[in-house]
Amino acid sequence: MLESVEIVEVSPRDGIQNEAKLLDLDTKLALIGRAVAAGARRIEVTSFVNPARVPQMADADELARRLPRGQARYIGLALNRRGFERALAAGLDEVNFVVVASDSFNRRNQGVGTAETIAAWAGIAAAARGRIAAGVTIGAAFGCPFEGEVPLSRLMEVVAAVAEHGPHEIALADTIGVATPRDIAERVGAVRAAWPDIPIRLHLHNTRNTGLANAWAGIAAGARALDASLGGVGGCPFAPRATGNIPTEDLVYMLERSGIATGMDLEACIAAAQWLEAQLGHPVPGMVMKAGGFPAPRAA
Ligand code: ZN
């Protein structure tokens, strides 16, 4: 097993994009500040998408201007060339481009087929060189809400087409939370074996309660980074019944108590998750934020 794993905080983007209540810019910046204070050093802060389709992300450009710089690397998500150009203009540290492994979901998410999005990625990768780190998330890498099973051979074809253009990292996303630890071990193992020089990140949703087991399997298989969201908030506007990401504080608890360093402070994560729950105004799925860590921290 690895001795340390990087956790990428995604609550400001994936976490809240599906919330009915719009969080204002100051609240989002406060959330990012709390994540940084808890030890997050890479944060997906927003997505540069059509505000008519994802109203929660309408303030992406303004948010980028107001980020506290220098404490963490900030990632912006993009679904097409225009989104990439906005992320670049906003001066973010990384762009996370999305290619969905299944054609139907890619059309639903991005309005074009997977092949067209891969063609856009080729142009983006060239334009990004020397200017911004560009990685790719492969959506629906373990199953599709519209097509069902996504064969391993199909995933490998898509990863091969993406890898050709030199992403700094590839994330395999279980967008609808259908993966089991066996699937994770198989697919992370296959991608690692084929492209040993490309770091692998996992993006896991806990829709069927396999999220933490999958995280463990992913680390064992060599994934170097994991996306997570404070409180386990999240969902996808274009994936029916998708629920939240794995909760950051539950992941930190499991890993730290297993001797795998995350660089994050559990108590600060719990406090941030509780604060976020209050901002959203409804219960969130995280469990360690309710039960507390163990052993209980001593009063100062
Ligand atoms: Zn997601």
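Table for the structure above
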{"read-out": "Per-selection Kirkwood Rh - segment 152-300 (Cα, Å, 1 d.p.)", "value": "16.2 Å"}
{"read-out": "Exposure rank, largest accessible area first [28, 21; 1.4 Å]", "value": "21, 28"}
{"read-out": "Solvent-accessible area, 1.4 Å probe, carbon plus sulfur percent, for segment 6-291", "value": "51 percent"}
{"read-out": "Sequence ranges 107-116, 224-233, 77-86, 264-273, ranked by mean other-Cβ count within 10 angstrom, highest first", "value": "224-233, 264-273, 77-86, 107-116"}
{"read-out": "Where the chain is the region considered: accessible area per residue in Å², 1.4 Å probe", "value": "40 Å²"}
{"read-out": "DSSP-defined antiparallel bridges as percent of all bridges, segment 146-300, nearest 5", "value": "10 percent"}
{"read-out": "Beta bridge orientation in segment 1-150: antiparallel %, DSSP, nearest 5", "value": "5 percent"}
{"read-out": "Whole-number D in µm² s⁻¹ for the chain, Kirkwood Cα-pair radius fed into Stokes-Einstein, 25 °C, 0.890 mPa s", "value": "130 µm²/s"}
{"read-out": "In sequence order, calculated HN-Hα J values of segment 178-192 (Karplus, 6.51, -1.76, 1.60; Hz; x Gly/Pro)", "value": "10, 5, 10, x, 5, 4, 4, 4, 5, 7, 5, x, 5, 5, 4"}
{"read-out": "Phi-based couplings in Hz for segment 79-93 (Karplus 6.51, -1.76, 1.60; Gly and Pro marked x)", "value": "10, 7, 4, 4, x, 4, 4, 5, 4, 5, 5, 6, x, 6, 7"}
{"read-out": "Antiparallel content of DSSP bridges confined to segment 118-232, in %, to 5", "value": "10 percent"}
{"read-out": "Spin-label zone in segment 267-297 - amide nitrogen under 13 Å from a point set 7 Å from the Cα of residue 27 along the C-beta vector", "value": "275-283"}
{"read-out": "Where a label projected 7 Å from the Cα of residue 147 along Cα→Cβ would reach, residues of segment 180-218 with amide N under 17 Å", "value": "none"}
{"read-out": "Long-range amide H partners of residue 42 with built H, under 5 Å", "value": "9, 73"}
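The values are calculated or read from the model by the stated rules, or taken from the named source; none is laboratory data. It should be emphasised that the depicted structure is a prediction, and the values quoted were computed from it without experimental measurement. Note that each Cβ is placed from the backbone with ideal geometry, even for glycine, and that neighbours are counted across all protein chains shown. For accessibility, only protein heavy atoms count, side chains too; no ligands or nucleic acids. Shrake-Rupley method; radii C 1.70, N 1.55, O 1.52, S 1.80 Å.
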